[in-house]
Amino acid sequence: MGNIQRHCTVLTVSLLAWICLQASAATLQVVTEDSSYSSLENGKVSGVASEIVEKTLARAGITDYHMALYPWARAYDMARLEPNVLIYPIIRSSEREPLFKWVGELDQVMPMFYKLRARRDIAVATLEDARHYSVGVVRDDSRQEYLESKGFNKMVVSATNLDNLRKLLSGQVALVPLPEREAREQCKDLNIAFEELEAVYTLDELSKGLYVALSAATPEDTVKRIAAAFAQLKDDGTVAKLLAQ
């Protein structure tokens, strides 16, 4: 009986070692959404954040990865549920803290409620005022989570940021919560003047850092290498230089 137990123990240890080896050797899935930080150009994911991530992985010596752009809800679920997934940019919050391994901060954001400048019938001086209007949000985005927690019940959910803005332009929603950078980039994508929008209220509680993060089941060695490489790019000014472009 003792020999059988020892044999089973050896098999178990070997199996665990094999699983760990397979996890370490797996292709890293790098996921993001269409935003002012990342976009799809000629079939390739590009943008300042994507360039920062690519430089980070190169410095970390990681070449086996696949970068793809998805609707936010899909990218978020992949990073939340699967191993070996890097997601960016993602807002770091207390609710999300235990769900991911956090690499480093890319940028700071300050979302504001925007309306169409021509809509003189919309007046927002407080968060309570905003509850009376329909608000466009992106599915599973931190802004949707925050507004739900504040009792907003007139939210219209979209899969992407651009769909969200299109609904504002068509009158399907009265307000959208966006950082200025995002609003300007989306206006450019839709060939409209940014001045057609008007910021009416700043969401101070949503002013947070945008991060690069890894799924919780990512091997610790991978996490350490990527985090160290990102820290080096922050320290030498590369991240700030790219974001300023």
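The values are calculated or read from the model by the stated rules, or taken from the named source; none is laboratory data. All values derive from a computational prediction rather than experimental measurement. Cβ atoms come from the backbone with ideal geometry, glycine included; neighbour counts cover every protein chain shown. Side chains are part of the model used for accessible areas, which takes the heavy atoms of the whole protein and leaves out ligands, DNA and RNA. Shrake-Rupley method; radii C 1.70, N 1.55, O 1.52, S 1.80 Å.
Residues with amide H under 5 Å of LEU210's amide H, sequence separation 5 or more or different chain, H placed in the peptide plane at 1.01 Å from N; which?
Correct list: LEU106, ASP107, GLN108, VAL109.
Sort LYS154, LYS241 from largest to smallest accessible area, using a 1.4 Å probe on the heavy atoms of the protein chains. Mind showing how you got there, number by number?
On the way: LYS154 100, LYS241 150 Å².
The most accessible residue leads, giving LYS241, LYS154.
So what's Rg/Rh here for segment 77-176, counting alpha carbon atoms and using the Kirkwood radius for Rh? Spell out each step's value before the answer.
Values: Rg = 15.4 Å, Rh = 15.2 Å.
Expressed as Rg/Rh, it is 1.01.
Any chance you could get the radius of gyration and Dmax over the Cα atoms of segment 50-127, in Å?
Just the Cα atoms of segment 50-127 yield Rg and Dmax of 17.4, 55 Å.
What's the magnitude of the charge dipole for the chain around its Cα centre, counting Lys and Arg as +1 and Asp and Glu as -1 at the beta-carbon? Answer in Debye, nearest 20.
On the way: 28 positive and 33 negative charges, 50 e Å.
For this selection, approximately 240 debye.
Need one number: nm distance between label points at SER149 and LYS241, each 7 Å from Cα along Cα→Cβ, rounded to one decimal.
So the two model labels end up 3.8 nm from each other.
Note down the magnitude of the dipole of segment 41-119 about its Cα centre, charges +1 on Lys and Arg C-beta and -1 on Asp and Glu C-beta and zero elsewhere, to the nearest 20 debye.
Numbers: 11 positive and 10 negative charges, 83 e Å.
So the dipole magnitude of segment 41-119 works out to roughly 400 debye.
Could you list log10 I(q)/I(0) for the chain at q = 0.14 Å⁻¹, which the Debye formula gives when each Cα is one point scatterer?
Each listed q corresponds, in turn, to -0.93.
With an 8 Å cut-off on Cα pairs and a minimum separation of 6 or more residues, tell me the relative contact order of the chain in percent.
Values: 395 pairs, mean separation 73.0, N = 245.
Relative contact order, the chain: 30 percent.
I need the fraction of alpha carbon pairs in segment 164-245 separated by more than 16 Å, rounded to a whole percent. Let's see the in-between values first.
Numbers: 2253 of 3321 pairs.
Pairs farther apart than 16 Å: 68 percent.
For the pairs LYS208/LYS241; LYS101/LYS154; LYS115/LYS234; LYS154/LYS224; LYS154/LYS241, note any where the Cα-Cα span goes beyond 31 Å. Write down the numbers at each step before the final one.
On the way: LYS208/LYS241 20 Å; LYS101/LYS154 33 Å; LYS115/LYS234 35 Å; LYS154/LYS224 42 Å; LYS154/LYS241 40 Å.
Listed pairs above 31 Å: LYS101/LYS154; LYS115/LYS234; LYS154/LYS224; LYS154/LYS241.
Calculate how many DSSP beta bridges within the chain are antiparallel, expressed in % of all such bridges and rounded to the nearest 5. Don't skip to the end; give the middle numbers.
Working: 23 of 36 bridges.
Bridges in the chain that DSSP calls antiparallel: roughly 65 percent.
To the nearest 10 square angstrom, what accessible area does HIS132 show with a 1.4 Å probe?
Surface accessible to solvent at HIS132 totals approximately 110 Å².
Which three lengths, in whole Å and largest first, does segment 100-245 cover when its Cα atoms are put on their principal axes?
54, 32, 25
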